[in-house]
């Protein structure tokens, strides 16, 4: 091999390595998934397991503060995006008795009242209620399938913190089964110090991972790690990881708003 050919080969190898972001590596994806899907921000359980929806989602929307038409429009676009990524059926209903995911836009003053109405005793989530700008909460059955969820956004407070759009994106996404936040996961809406408002390519990968056919609700950390090599093979075969930067923008709220 000539010296010129060797240099050219070195350049090609260097470019290939640099073209793969850290968050696109298999180990980083696995570690991030464990942190976001199998740990809990407020330590509600010592033995967390994978949770996710296994039935169609019916969203009931309620607004008593701000521009209701705009709120529902933003929520609808993001819901369609999540449905596109996960394969879940996500539709809206005007009948609260049919709803299993309640999206409530209210005021800061009425937060506790709405928690009482749609989630339960505020004292049981007092830490989250005192610390969070907006709230998301879910219920599951014995098979670790999510059966009901609620997001409550105090419009005035969220806007005062410049987090209104963030609340819609993050809380709705977390309610699909990625309930934790971690500053170790970047770039991501699940990182409290991140500047991400919209789903990042890594978030897209985590959602695809959560609804992988090789994972099932109820898997613990050990079982998830055992299944993860096959999950990664499937993600690579479908080019989910490799095309995530482009594919995350399809049907996205970011694209819709032209940001």
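Nothing in this text is a laboratory measurement; each read-out follows from the coordinates by a stated rule. Since we're looking at a predicted model, the values are computed, not measured. Using ideal geometry, Cβ is built from the backbone for each residue, glycine included, and neighbour counts are taken over all protein chains shown.
Between residue 246 and residue 214, take the C-beta separation as r, use R0 = 25 Å, and let me know the FRET efficiency to the nearest 0.05. Each step should come with its number before you reach the end.
Details: r = 24 Å, r/R0 = 0.96.
It comes to 0.55.
Descending by average beta-carbon neighbour count within 10 Å, the peptides 76-84, 21-29 line up as 76-84, 21-29, the highest first.
Each of residue 91 and residue 55 was given a label point 7 Å from its Cα along the Cα-to-Cβ line. The distance between the two points is 1.5 nm. Per residue, the convex hull spanned by the alpha carbons of the range 159-259 comes to 110 Å³. Annotation for residue 139 and residue 226: the two label points, set 7 Å from Cα along the Cα-Cβ direction, are 3.2 nm apart. One entry in (i) 1.09; (ii) 1.29; (iii) 1.01 is Cα Rg over 2.2 N^0.38 Å calculated from the shown coordinates; its label is (i). Angle of helix 201-210 to the longest C-alpha principal axis of the chain, folded into 0 to 90 degrees and rounded to 10: 70°. Summary of packing: across the peptides 108-117, 153-162, the per-residue average of other C-beta atoms within 10 Å ranks them, highest first, as 153-162, 108-117.
Let me have the relative contact order for the chain, percent, based on Cα pairs under 8 Å that are six or more residues apart. Mind showing how you got there, number by number?
Details: 385 pairs, mean separation 62.1, N = 259.
Relative CO of the chain lands at 24 percent.
If you line up the long axis of helix 221-237 against the longest principal axis of the chain, both from Cα atoms, how many degrees apart are they, to the nearest 10? Taking the Cα atoms of the chain, the angle to 221-237 is about 60 degrees. I'd like the FRET efficiency for residue 160 and residue 233, computed as 1/(1 + (r/R0)^6) with the beta carbon distance as r and R0 of 45 Å, rounded to 0.05. According to the calculation, E is roughly 0.45. Within the chain, DSSP assigns beta bridges of which about 25% are antiparallel (rounded to the nearest 5). Between the Cα long axis of helix 164-174 and the first principal axis of the chain there is an angle of about 80°, rounded to the nearest 10.
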